[in-house]
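Written out below as structure tokens is the structure these notes cover.
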Amino acid sequence: MNKIFKAFCSCLMVCGFAMTLTNCSDNDDPTFLSEVQLSQSYVAIPQTGGSTTIKVNVSTNWSISNIPEWLTISPASGSAGENQITFSADATADGRSCEVLMDCGGAIQHINVIQGLSVVSQVTVAEVMSGPEKTYRTTGTVTKIANTSYGNWYMNDGTSAEDLYIYGTLDKAGKAGANNSIAVWGIEVGDEITIEGPKQVYNGTVELVNVSVIKISKSLIKVDSLSINDATLPVEGGDITAVLSCKGDGVTVKIPEEAKDWLFMTSMIAGSAPEVKFHALENKGADREATIVFTTKSSGKEYTAQTTIKQKGVAKGSGTDTDPFNVAAVLNYTKALGADVVSEKDVYVKGIISSVKYTYSADFGTATYNISDDGTESGVFTVYGSYYYDNQPWVEGNEQIKVGDEVIVVGKVIYYKGTTPEFSNKQNWLFSLNGKTSSVTATVAEFLAAAEDDTRYSLTGVVTSLYESDKQGKSFYIKDFSGEALVYRTDGFLDTGIKVGDVVTVVGKRGSYKNNPQMVNGNCALEHAVTPVTIAEFLTKPDDKNTYYMVTGKISSLLGSNGKENDYGNLYITDGTNELYVYGTYPGWGATGDFRKFFIADNGLQVGDEITIIGYKDTYKELVELCQGVCFSFKKAN
């Protein structure tokens with residue numbers, strides 16, 4: 001404990017001495033600044049968390065920048081005179097430090113801040129996986145190399161069920177980035193390596209980032225060559241031989257379980273240069289691969305090497321809804337994008353669920369699972385964070401997925417970190433489940449006439465009123481040109497702030513209550529927020545075909561702007577002072593063709609009747625128009 005305390009004090013003395021030599025300047029050169037006086041030249045915060053306050057006497061206005069997230073400074077700016085500045089931080093599992101910059105009227109004062117001492121001890125891979133986010137040193141065997149340019153690879157020491165991902169390796173000069181660090185260090189699968197670096201967790205993956213290499217012990221077994229240069233067998237199958245060099249005692253071969261139904265070891269020649277022959281069956285599914293592990297022993301210690309044998313699959317499809325990719329095709333398409341590039345367009349992919357990591361849940365609304373062409377875990381594509389039908393969150397009562405289901409998924413894909421081809425998180429959704437596609441787009445009238453079954457319908461219309469019997473406030477009526485329907489307790493209604501008058505799309509099943517039809521198990525999405533305005537306010541709005549307003553007035557003329565009678569409801573309304581031309585008054589949202597005609601005549605509307613209309617603003621030959629008008633309500637004068 002005394003040694004640690006002395007080391008801590010020494011560190012603070014060094015920081016203080018460095019601060020004294022490098023006070024302030026407007027060009028960061030070591031000078032003394034007369035405008036600033038500090039009560040102390042460094043700030044020390046306990047590792048258990050807390051605050052430290054210093055006094056600063058400044059002759060001008062000042063501000064502090066370059067503040068890391070873990071540090072709070074209060075105040076971070078002030079005026080001339082004596083100021084007290086408090087530096088605060090939460091507890092940390094590891095020591096940390098930073099340098100903040102105090103701008104004193106253009107000159108820069110450097111202030112060093114230190115919290116605890118950074119002491120890195122040797123731990124197992126399992127301890128890294130379960131420990132807090134801090135810097136670790138660990139030793140393990142290289143199990144897979146993912147990216148040679150940036151130095152991304154996997155390691156394990158036998159203590160963890162999951163390999164530790166190394167995201168970036170510093171080169172021998174300590175530089176990160178595209179430095180070809182794998183080649184620089186001569187890192188190979190099977191090498192035992194000691195590294196040190198900070199831990200982070202990204203999308204559930206534990207990583208050590210931009211690690212320093214401490215020591216490398218080369219493996220006693222190595223794969224020298226393969227009889228096929230690119231290690232890729234044809235679709236029809238065939239043989240491939242691995243030639244090894246081995247300085248240990250004997251060789252054992254391990255084929256992964258998921259590959260044992262298509263890849264077999266047929267012979268092995270022993271010695272210091274063993275030869276191992278494998279045979280692959282015909283591939284009727286997606287591209288597939290298997291990582292073969294070779295193990296030897298010496299003096300009670302195991303050494304490994306590995307190689308990956310690949311086999312081409314049968315790629316089919318163009319990625320559209322009528323001709324979806326199979327898994328073989330989407331694997332090729334995604335890998336061609338390059339690491340971490342998200343596809344610009346949505347693609348459709350058909351496959352069989354081979355494993356499920358997370359089923360759909362009402363809490364998150366998404367699911368994560370693997371699909372393949374043959375339903376096995378060979379040649380899989382990951383469906384990550386996938387929404388349900390129509391890109392909506394899954395709700396209780398909807399059908400659940402399971403292994404063996406045939407699905408079509410649509411969305412954007414990504415070659416995540418150059419290692420995992422997958423649908424991009426929450427940018428994809430379920431299009432078809434066991435042949436049942438997503439919703440059927442229907443009018444309200446078609447929905448009301450439909451049978452009660454598992455079919456999901458998509459309706460778009462105007463929210464006309466709330467269903468007041470629902471005390472949860474999630475139910476409402478929706479109206480289009482063909483009719484009106486009750487939507488009972490739909491997800492997304494309260495969360496999005498949808499109100500009466502807005503245009504929405506709802507997706508759900510046909511249900512009923514006491515023989516009265518209604519939509520159930522639904523989701524709701526806002527299409528157009530509609531803003532109520534007066535005629536005077538509407539006349540001042542900019543032209544915009546994507547912004548909708550609700551306007552109320554009395555019909556002042558049933559003639560069009562050309563002075564003629566018409567079938568489409570071209571008319572004028574007034575508030576007594578201002579007049580507005582309405583270019584089309586239709587019976588409801590979604591009306592097309594002849595359904596747009598005769599609304600005024602069919603309802604017997606006359607000059608003087610009050611009408612409320614939804615539409616957007618446009619101007620034609622200097623005449624301001626409310627266009628594509630949808631009647632929300634009307635009230636006759638007599």
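The values are calculated or read from the model by the stated rules, or taken from the named source; none is laboratory data. Keep in mind it's a predicted model, so treat the numbers as computed, not measured. Methodologically, a virtual Cβ is constructed for each residue, glycine included, from the backbone with ideal geometry; neighbour enumeration extends over all protein chains shown. Accessible surface is based on the protein model in full, side chains and every heavy atom, while ligands, DNA and RNA are left aside. Shrake-Rupley method; radii C 1.70, N 1.55, O 1.52, S 1.80 Å.
Could you list all residues from the stretch 261-274 that are open to solvent by 80 Å² or more (accessible area, probe 1.4 Å) and either touching a Ser or Thr at 6+ places or on another chain (Cβ under 9 Å) or touching a residue at least 40 places away in the same chain (Cβ under 8 Å) (or both)?
Listed by number, the residues that qualify are Asp261, Ser272.
Kindly indicate whether any position in the stretch 90-107 is open to solvent by less than 60 Å² (accessible area, probe 1.4 Å), out of contact with any strand residue (DSSP E or B) (no Cβ under 6 Å at 6 or more places or on another chain) and not in a loop (DSSP other than H, G, I, E, B).
no
From Thr496, Thr531, Thr505, which residue is closer than 26 Å to Tyr548 by Cα, in contact (Cβ under 8 Å) with a residue 12 or more places away in the chain and assigned to a loop (DSSP other than H, G, I, E, B)?
Testing whether each residue is closer than 26 Å to Tyr548 by Cα, in contact (Cβ under 8 Å) with a residue 12 or more places away in the chain and assigned to a loop (DSSP other than H, G, I, E, B) leaves just Thr496.
Name the one entry in Ser39, Ser59, Ser51 that is at pLDDT 50 or above, among the hydroxyl-bearing types (Ser, Thr, Tyr) and within 16 Å of Cys98 (Cβ to Cβ).
Criteria check complete, one pass: Ser51.
Can you name the residue in the stretch 588-613 that is among the charged types (D, E, K, R) and not in a loop (DSSP other than H, G, I, E, B) and, of all such residues, is surrounded by the most Cβ atoms within 10 Å (Cβ to Cβ)?
Applying the filter and picking the extreme gives Arg596.
So which strands (runs of 3 or more DSSP E) stay within the stretch 266-359 end to end and still have 2 or more residues that are basic (Lys, Arg) and farther than 30 Å from Val253 by Cα?
Here the list is empty.
Please verify whether the stretch 457-469 includes one or more residues that are touching a strand residue (DSSP E or B) at 6+ places or on another chain (Cβ under 9 Å) and closer than 30 Å to Val342 by Cβ.
Yes: one or more hits.
What are the residues in the stretch 393-413 that are open to solvent by less than 20 Å² (accessible area, probe 1.4 Å), in contact (Cβ under 8 Å) with a residue 40 or more places away in the chain and not charged (D, E, K, R), if any?
Residues satisfying the conditions are Val395, Asn398, Ile401, Val407, Val409, Val410, Gly411, Val413.
Looking at the stretch 544-587, which of its residues are on the phi > 0 side of the Ramachandran plot and buried (at least 18 other Cβ atoms within 10 Å of the Cβ)?
Scanning the stretch 544-587 gives Gly569, Gly584.
Could you list, in sequence order, all residues of the stretch 249-265 that are in a strand (DSSP E or B) and either within 30 Å of Lys350 (Cα to Cα) or not β-branched (Val, Ile, Thr) (or both)?
Result: Asp249, Gly250, Lys254, Leu263, Phe264, Met265.
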